[in-house]
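Each remark here refers to the structure printed beneath this line.
The values are calculated or read from the model by the stated rules, or taken from the named source; none is laboratory data. Just so it is clear, the model here is predicted, and its values are computed rather than measured. Positions of Cβ are backbone-derived with ideal geometry, glycine not excepted, and every protein chain shown enters the neighbour counts.
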Amino acid sequence: MTTPQTPATTVADPKKNPSYPQRVHLSEKPHWLGVLQSVETRVAEAQAKLAALGNVGNREVFEKLHAQLLGARDQVAAAVKRLPLETGHLYEEDHHRVDDGVAALDRLFQKWDEASKGG
């Protein structure tokens, strides 16, 4: 996952307290919302597949994977909501949470595909 480029220098606003961290990531909001939309689309597709699955013998495997997908989606959504407003190490923590959530989704979709093939 790449991070959008932030300005190399920021001009301090003389009306603001210089000890308060400046919000330098506000312009990244569209990028992070795009990441979240991609995650939401993938999870919605999985939900549609689960609904169309019917009562097959290994349905519980797909239900468990779907619940895990929802958890990973929620992790990404929570971090994306905070990311543009964060500064310093809080930004880095949430960035890491987004990366981990997307990686978890990738692993879960791989398991989903394996279960679909009967493996």
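Condition test on HIS96, is it surrounded by fewer than 15 Cβ atoms within 10 Å (Cβ to Cβ) and at pLDDT below 95? For HIS96, the condition - surrounded by fewer than 15 Cβ atoms within 10 Å (Cβ to Cβ) and at pLDDT below 95 - is not met.
Examine region 51-71 for a residue that is among the polar types (S, T, N, Q), in contact with a helix residue (DSSP H, G or I) (Cβ under 7 Å, 6 or more places away or on another chain) and loosely packed, with under 13 Cβ neighbours inside 10 Å, and state whether such a residue exists. Break it down into steps so the answer makes sense when it comes.
In the first step, residues of region 51-71 are kept if they are among the polar types (S, T, N, Q); the result is 55, 58, 68.
Remaining after also requiring in contact with a helix residue (DSSP H, G or I) (Cβ under 7 Å, 6 or more places away or on another chain): 58, 68.
Now restrict to residues that are loosely packed, with under 13 Cβ neighbours inside 10 Å: 58.
Yes: one or more hits.
For region 78-90, check the following and say yes or no: at least one residue is within 9 Å of the chain's Cα centre (by Cα) and of a type in the set (D, E, K, R).
no
Give me the residue from region 27-50 that is among the charged types (D, E, K, R) and surrounded by fewer than 15 Cβ atoms within 10 Å (Cβ to Cβ) and, out of that set, modelled with the highest pLDDT. Write out each step before concluding.
At the first step, the residues of region 27-50 found to be among the charged types (D, E, K, R) are 28-29, 40, 42, 45, 49.
Going one step further and asking which of them are surrounded by fewer than 15 Cβ atoms within 10 Å (Cβ to Cβ), we end up with 40, 45, 49.
Details: GLU40: 97, GLU45: 94, LYS49: 91.
Checked region 27-50; the qualifying residue modelled with the highest pLDDT is GLU40.
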